[in-house]
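Student: Please read through the structure below; I'll follow up with questions.
Derivation of every value follows stated rules applied to the coordinates shown; laboratory data play no part. Everything numeric in this text was worked out from a predicted model, so none of it was measured. Ideal geometry is used to build each Cβ from the backbone, glycine not excepted, and the neighbour counts take in all protein chains shown.
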């Protein structure tokens, strides 16, 4: 148990020192590339090239977007030299909005198609019910015709439905 208590703080200190050393070495590396070209600067992913000042700067990770005092957005290059940061942000946001709209349209169409399927099922059930009703009516008329035929055969026909049967 004692070894674990000593080991955990050592690991934490080692990790922090590695991160700090790496960030300070990145700062130095990016600043050393200031008088070179944009391509040389952007070989390191953590560097940002400012076109107006021709300086290579460490990308400000904490602010997400580089502040205007460091480098104006239209002049900042990151990832590739031919795309400025402002164009990159606009393009990414437009693509994201198009994807979100496409997802909403797909969801809307799926819900609508599901409702159409329900309407189709309801129409099919209604059609079957109508067929059954028509067949039942046909059977009813056939039975009435048979009964009338039997009544005529045995002389039980009535002229008026309200007259009484007479025994003859």
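Student: Quick check: from the Cα gyration tensor, does the stretch 44-92 come out rounded (a/c under 1.5), prolate or oblate?
Tutor: rounded
Student: For the peptides 53-59, 98-104, what is the packing order when you average, over each peptide's residues, the other Cβ atoms within 10 Å and list the highest mean first?
Tutor: 53-59, 98-104
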